[in-house]
Every structure is written in structure tokens, then in C-alpha cells.
């Protein structure tokens, strides 16, 4: 089957209600690892202060796209990309783009919780110290604020000076979220943030994502379709390096426009 | 989505009120650091360049001296530089043969012993034996070479070798054995690494065919680990050739051209340390330049061995990766 | 062995038993040969302990080598020398070694030329590790002691071209007259032109005596009669008396070329262990999980901020373990030190600045065990025990760090 015929025109699938500003705009985007093309002709609009989920089978390119939004792929030796990827008004792919500043504006949470082997306080303060000229009392205030936002403050307020490695897996992941929040990002990228967690911790993180979306734009990559259905506003379905379908989560899960999307969300493959 | 755990309205912070650090400053800082780091890396390059330039420049003071013919340096079988009387003879062979006599004895002892110990540790040893053997090897590896030289003079020569025959107080055999003891932990640990690198599946395959442990070890594991073991041997060889203090103490200071292990045997390293330590040697004299000539030969030999060892090791790495 | 022929008649059962017996006897041979390691170690330590235990006492630890008086000789200077040299070596080799390792592991460049440069450095480091330490020794002689002849060589009675922290004085003895019981005394005055080894006194000059008192030194002509007042005699020299130069060195004394100094020896040892430190640090840095780097990069840290904030703190225990182990290698090295400082057993002044030479433990052991007076052999064994204890202490610190680290990082 020719996959190209399945790809609808960009306007049809990803136009966003005009009341919201666009946080990320992607047009005719292609990404490569060496000669291998990982993403083909991606067109997508991510509205601000909503949760957008990327779903699709392994190796479909959803994580690759995520890692291009904050240029984490710069570190992969032979990774390159072309097309348009715009954050707010800034061209992400441009050579002039300062990745340090870009990554302050685009926070990231990884698959496995990866707190630094430092104290809880120092973990949250790490990014703030990098980016802000900030006094000690302001830093205290900021750390408390970020930990409250990540719903972790009550659990750790008495042991801020203890090692972050002593926390449970779910707490560690919320700490990583707090760490990302503490530099005040516009967009937060989450790369399967719950895949290493137990169901209880997963629920707490999902609640947190929902709450955070009031303030931040969130893009979440997930293998877990229920998770996408539960906590995202919009969903993009990736298959073999292309976006097959993107739109309101409700619609995509209940009345998918494409056969392949339907097959995937109903569990016929993936 | 009810039942949120988030606190009721944490006090809002406006992060944009914080003054941003300029990313340019961090980048400038980084470029300074990188410059310093490259400077550090350059020091090791400079060490090599310095060594090569020094050896070429200073040994040219020897080879270009009108008293010296390079042909005789390479063919003559007597070396008298550093001795006070008599005509000057400067054939490298006595020193070269001294080095290889002692190296030969050392490897004759260290290679089989080290290899068998490695096989035992890798294929046979129960946990309890391992727990004794491994630290013992580590302690042995950490013993300074001057201590082994002392051991050769005060124990090996008088108590082990003297009863066996007419060994001189300073002789090639005791120095050779002491250098062998020095190489033993090195051979063992490198050979064990090579044996451990043989994939488990290969062993399982052979056991599955009903082989005994001995057969698996000799017919499957050893051949598979061969290149790693050879490179371990070469590293031990380079170490033995370059060893100085043991031979300076135990092998005597007479350059001899013989195969007799009971005779004294000055090596290249022994000559260098002995000559450089004597008060009479000052820059500009023939003995001073001869140090660099011998050191250049020593450097070439060890470099060659190291490079061959590395080529072999890199090849065997490719096999299992 | 009588059952063998019986079983040979049989099928593979006999063969199999022989095969397994062969396997078992091979295991026994292996065990016996491996046991040699233990035998060697025990013999070595017993030899040293029996020879050296007798010479270990407080006096041995606190006194200095005395030629031909083994019973008065000790290792104090050698012990101090070994510690100082270890310190110099570490101060230089640690930053450079760790810096090189960080550069090679964390700053992998994208441009082809810089990648080639890094490959060259890496290859070079592996080769440096194979160079015999005595070759480093003569490199030390050439590069540090004589500094490639860039400066005039330090010779007897000549002061170095570039020098600091040294004060030069001339010293002279005032008139003495044995018949009158006048002894004269030493007085000194600062040298205006230190390059001259002697100074002829022709005019009165301000001098200082041993008690620190200053006064004018009288000068009388040869043909004039001597004054009789002993007070005055003590402050008088004959015209043309020659004063000789001497130097007082401050702790900051430094000169170029470095000469046969402990600094030159320490720097040489640093070159010896540099490749070992680099390789050990590289391994420690490689062991830091990549997720930590990703996390820091994801927050917008620059590469150096990633290294300083996350990679180094995590790798530091491993780096320190490797560093201590290679420093203990440096403490046991004798050959390069003999080349650079000479095989000295003791100095009259002891170690007062970095330009002094000093005995160290391994060199002392070498010189004592090759001493004509066999009585020094037991002292050498005693010095070996001290050296081994010193190494044991260093290694325990390394093991403690490793243990502490493993427990702390257990959560990974």
C-alpha cells in the first residue's frame, strides 16, 4: 500500500481553532540520520497551553520529532533536518538559533527519571542557576514554587538537602518535571514520561500533566493509547516517518478519518 | 480528572522577572575552558615530540662523533663505554643481548605461569580461591620494581640459584626471574580479560556437544582468545624490555655477549641508569651522548612492540563487537 | 591404575573417563601453578620482613643516612622527599590528566580535522603508556634539568641566569692572631654583584656579625702595624682580604634551568604517570550514565556546564581512585628519579625549597641494597617495609573511596 496516499493535506488535519496562539509550527519538515530519512514531510501545528500527544508504533519517528523541537538531536553525530520548525516566532533549525536559550524555552522530561546525584534542592536549582541572575532567597522561592507546581513539595519539603536518588521512581520523575518547570519553559516535551513507572505513579503524573497544561504547552510522546486519550487535547498519529492523522484527541480516537489510524487505535497493529 | 494532588494555588512566580544570564557569556566561558583542555591534551603530544626530538638530536652527538662508525655500533660485540680504561668499543650487541637474555628468561617464566593462572581464574577457579588469588595478584602488581630487585639479590641468587650451580653474585637468571615476577600479574590480568571476552555462547556450544572443561578451554576458548593473549604477551615483553631497577640491582654492570644465564648481564636500561648516575658524565662527553644512543634503540624497540600489540588488540576487539 | 586396560576394551565409556580424568588433572595442575603467585608473594614478604624488621625503630624513621655508620642511618629525608615528590607529581599530573580525559571524552568535535587531532592524542596516550620510565628519566634530564640548553647550564661557582628567592652575601673572617689568642670572627655583607664568587675588601664596609649586629668593618693597610685593642681587632681586616660568596635561599627559591631539583624530578614523574591518569579518568568519565548528560543538556546547559555540573561530580570518585593508584606507582618509581636528581642518600640542609635535591625511598632502597657495606642491606629491607606501608595507606584510601562511591551511587 502506498503510504503517501494516506497523508491528507496539512490544512485538513492540523488547523487549530483560531482562538489559541500557536506554540510550535512545523511545515514540510524532513529529518535524517545520515542517509536514512526518519521523518518525511511533517506538517503540524501545536497550540499553546494544551497537551498534544504523539502516538504511533516504535520507530515511527515521534521521538525524533520531539528531539528536534529542542535540538537535542544536535548531539547525534550525523543527524540533520530541513523544512520549517518554528517555536513562537523563532526558527528552531536556523544556524543563528542559540540552543542554550532554546532549551531554556523548551523543557524536556525523559523516559527514565534521571535526577542528578545531588540534593533535591540542587536538582531543581540546577537550571535556574544556569539561566538566571538570582539571589539566594529568590532561588529558595523558585524551588518551592517549582516543587509545588510538580505536586512534590509536601513530600520533600523536610528533606530538600537529601539526595534525590533516595526518592521513589514516581517522585524522581516529578522532580525531573519540577526541574524543567524551574527555568520557566514555554513548551515542555515529555518523552514517554511514564514508561518506567508503576500505575499509581503514572496516574499522578497524568493528573500533573493535565494541571500543568493550564500554564504550559505540553507535547507528550507515548506508547500508551489510553494515556493519550486520557490526558491530551490533541493527538498526532505517526507511522513510518509520516503523520497519518492529527486532530482533536476525541475525534481521532472515536471517528478517525484514516483506516490506518483506526486500525492502530483499535489495536489491530502497533 | 478530579482529585488533583496539586496544592491549591501555589503562590505564582513570574519567571520573566528574573534577569537572564547571557548565553554568550556561558559560551565564551566554555571556549576558554576548551582552550585550556586542548592545552592539556597538547602536553601529551609535546611529551612524545620532545622525546623523539631529544633522542634524535642528542644521539646525533654520538653517531656523528668522528670516533664513531655506525657500522661498528650495529655489528661489534663489545661495549666498553662507561668503563675507565682500555680502548673504546661501542657495539650495541652486548647491551641488546643482555636485554633480550633477561627478557627471555622473564617471559619463559611469566608467560606460561601467567597464562595458566589466567585460564584457571577464568575457567576453573571457585569463588573462594579467586578471593585469595585476585588480591594476591593485585598486591604483586603494586610492588615497586626496586623491591623485586632487592628480592633478586637477597633471596633468588643466594637461596634459589646458588645451590643449582656456579651463579655469579650478579647474574642474568635471578634478574630474569625477578622481571618475570613483575610481568606475571600483567600477563595474568590481560590474558584473563581476553579469555573473559570470549562469548558465553561459544562455550555453551562446546559443552552442549559433550566436551569436558579441559577440551572446551583448550580447543575452543584459547583459540578464540588467541589474539588477545598475544597482545598481552607483547605488552609484557615491552614491560620487560623497559624494566630498569631490577636489572640495575641484580644483573650486574658488565656488558657481556654470552648466552650463559649464570654470567652478569648489563642491559640497555641498566647501562643508561648506571651511566647517567655516575658523577663523571656531563653534557658534551661521548659517554653522555651514548646514553641517548642507547635510549633511542630502547625507545624504538618498545615503541615497535607497543604498536604491534595495539594493532593485534584492535583487531580482536572488532571480532566481538 | 590396574583398571585402565579393562576399560580400554570397552566402548566410549573408558574413553570418556579418560577424558574427564585428563580434564580434572589439568585443573589440579592449573591450581598448583596458580598457587605459585601466593608462594612468591609470601616468600617475598617473608624475606623483607625477616631482614628488615630488626632495623625498624624510632631512630631509623627520624635520622638521616650517615656514610659507613648503618646503625646511625635512617630514612627521614627519604620519607619527606617521597611525600613532597608525590605532591608535586599529583599537583601537575592530576589537572593535566583529568583535563585531557575530559577533552577526549566530552568534547568530541564535529569537524574532521579536530577529530583527527583527538584520534592522534588518543593513539599517542596509548603509546606513551608503553615507554620505559628510564626514557622519561632522560627526557626529564634534558627537558627539566638542562631545559634543552635554552639557559646557561648551572655550573659550580656560577649562579643561574634566571633566579629568584636567593640572597647572596660575602663572608670574611676578621683578623686573627693565634699568639695573642685572638680568634677573629665571621662577618658578612650583602653582595652587590652576586655573579662574582669573591670580593676583595679595600675600603671600610658595613657588615653584620653572627649575632645580627651591624658595624663598620675597618680596613688597615698591609704595612701598618696591627692595633692592639682586641675590640678593635675584631672589627678589622687587612686591605685586600678576599671575602667569599655564599647564598641564603628562601622557601620560594626558584631558578631556570631547574637543575637537579626535586621539582624537576616531580615533573618527570608526572610525565610518567600522566598516560595512566588519563586512561583511568577516561574510564571513569565513560562510566557516567548518558541520561545525566541528556538531562543537563535538556535544561539548556552548555557542554562545559554539563561537564562541571553533572559529569565531573559523578566521575570524581572513579577519577580519584585511578589517580591515587597511579600516584602510588609514582611513589615506587626509582629509575627516572636517579636520572634526574642522581642517586643521593642525604643532603646536609635537608629539603628547604623546591630547588633542592632530596633522597626518596625507592632510590634509598636502591643505593642501600647496592652499597659495599652489606650492613646497609637490612636497612634497605627496613626502608622497603616503610615504603610498602606508605603504598598500603594510599591504596586503602583508594579502596575506601571506591567503597563509599559504590554505596552512594547504588540507586542507579
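Quick notes
- Exclusive hit being out of contact with any strand residue (DSSP E or B) (no Cβ under 6 Å at 6 or more places or on another chain) and under 30 Å from residue C:193 (Cβ atoms), set C:144, C:151, C:92, C:117: C:144
- Any hit, region B:6-18, residues being part of a helix (DSSP H, G or I), exposed (fewer than 14 other Cβ atoms within 10 Å of the Cβ), at pLDDT below 95 and within 14 Å of chain A (Cβ to nearest Cβ): yes
- Residue tally, condition more than 7 Å from every other protein chain (Cβ to nearest Cβ) and farther than 30 Å from residue A:194 by Cβ, over region A:91-136: 7
- When C:119, C:97 are checked against the criterion of being part of a helix (DSSP H, G or I) and under 19 Å from residue C:331 (Cβ atoms), a single residue qualifies: C:97.
- Condition met for residue B:198 (outside any helix (DSSP H, G or I), buried (at least 18 other Cβ atoms within 10 Å of the Cβ) and at pLDDT below 95): yes
- Scanning region A:36-89 for residues that are touching a helix residue (DSSP H, G or I) at 6+ places or on another chain (Cβ under 7 Å), at positive phi and either away from every other protein chain (no Cβ under 14 Å) or not in a loop (DSSP other than H, G, I, E, B) (or both) returns a single hit, A:56.
- Counted residues, region C:28-42 - those being surrounded by fewer than 19 Cβ atoms within 10 Å (Cβ to Cβ) and either more than 7 Å from every other protein chain (Cβ to nearest Cβ) or under 21 Å from residue B:124 (Cα atoms) (or both): 10
- Any hit, region B:294-311, residues being within 13 Å of chain C (Cβ to nearest Cβ), under 18 Å from residue C:146 (Cβ atoms), crowded, with 21+ Cβ neighbours inside 10 Å and modelled with pLDDT of 90 or more: yes
- Test: residue in region A:210-223 that is touching a helix residue (DSSP H, G or I) at 6+ places or on another chain (Cβ under 6 Å) and part of a helix (DSSP H, G or I): yes
- Taking the conditions (1) surrounded by 15 or more Cβ atoms within 10 Å (Cβ to Cβ); (2) in contact with a helix residue (DSSP H, G or I) (Cβ under 7 Å, 6 or more places away or on another chain); (3) within 12 Å of chain C (Cβ to nearest Cβ) in turn, residue B:206 satisfies each one other than (3).
- Among the residues of region C:122-152, those identified as more than 8 Å from every other protein chain (Cβ to nearest Cβ), touching a residue at least 24 places away in the same chain (Cβ under 8 Å) and more than 11 Å from residue C:271 (Cα to Cα) are C:144, C:145, C:147, C:150, C:151.
- When region C:152-191 is limited to residues that are under 24 Å from the mean Cα position of the chain (by Cα) and in a loop (DSSP other than H, G, I, E, B), the one that is farthest from residue C:227 (Cα to Cα) turns out to be C:153.
- Residues that are surrounded by 14 or more Cβ atoms within 10 Å (Cβ to Cβ) and in contact (Cβ under 8 Å) with a residue 40 or more places away in the chain were ranked within region C:198-225; the one that is nearest to residue C:245 (Cα to Cα) is C:199.
- Residue among C:344, C:338 that alone is outside any helix (DSSP H, G or I), within 11 Å of chain B (Cβ to nearest Cβ) and more than 30 Å from residue A:109 (Cα to Cα): C:344
- Among the residues examined, residue C:360 qualifies as modelled with pLDDT of 90 or more, within 12 Å of chain B (Cβ to nearest Cβ) and within 14 Å of the chain's Cα centre (by Cα).
- Applying the set (1) modelled with pLDDT of 80 or more; (2) over 11 Å from residue C:245 (Cβ atoms) to residue C:183 leaves exactly one unmet item: (1).
- When residue C:319 is tested against the conditions (1) away from chain A (no Cβ under 14 Å); (2) in contact with a strand residue (DSSP E or B) (Cβ under 8 Å, 6 or more places away or on another chain), the lone failure is (2).
- Of the candidates B:256, B:269, the single residue that is under 23 Å from residue B:73 (Cα atoms) and modelled with pLDDT under 90 is B:256.
- Among the residues of region B:44-99, those identified as in a helix (DSSP H, G or I), away from chain C (no Cβ under 14 Å) and in contact (Cβ under 8 Å) with a residue 12 or more places away in the chain are B:63, B:72, B:73, B:74, B:75, B:93, B:94, B:96, B:97, B:98.
- Looking across region A:224-248, the residues that are crowded, with 21+ Cβ neighbours inside 10 Å and in a helix (DSSP H, G or I) come down to A:227, A:228, A:231.
- Pick from region A:145-163, criterion closer than 11 Å to residue A:124 by Cα and surrounded by fewer than 24 Cβ atoms within 10 Å (Cβ to Cβ), ranking: nearest to the other protein chains (Cβ to nearest Cβ): A:145
- Helices (runs of 4 or more DSSP H) within region A:118-180 that include 3 or more residues under 28 Å from residue C:304 (Cβ atoms): A:120-131, A:136-149
- For region B:133-168, residues that are under 26 Å from the mean Cα position of the chain (by Cα) and exposed (fewer than 14 other Cβ atoms within 10 Å of the Cβ) total 2.
- Hits in region C:80-102 (condition: in contact with a helix residue (DSSP H, G or I) (Cβ under 7 Å, 6 or more places away or on another chain) and free of Cβ contacts under 8 Å to residues at least 12 places away in the same chain): C:99
Yes/no per residue for (1) surrounded by 23 or more Cβ atoms within 10 Å (Cβ to Cβ); (2) in contact with a strand residue (DSSP E or B) (Cβ under 6 Å, 6 or more places away or on another chain); (3) under 28 Å from residue C:160 (Cβ atoms):
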site	(1), (2), (3)
C:295	yes, no, no
C:306	no, no, no
C:312	no, no, no
C:340	yes, no, yes
C:368	yes, no, no
C:382	yes, no, no
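- Whichever residue in region B:166-178 is in a helix (DSSP H, G or I) and more than 12 Å from every other protein chain (Cβ to nearest Cβ) and, among such residues, is farthest from residue C:44 (Cα to Cα): B:172
- Taken together, B:217, B:244 contain a single residue that is closer than 26 Å to residue C:331 by Cβ, buried (at least 23 other Cβ atoms within 10 Å of the Cβ) and within 11 Å of another protein chain (Cβ to nearest Cβ), which is B:244.
The values are calculated or read from the model by the stated rules, or taken from the named source; none is laboratory data. Computed from a predicted model, the values in this text were never measured in an experiment. We place every Cβ from the backbone using ideal geometry, glycine too, and count neighbours over all the protein chains shown.
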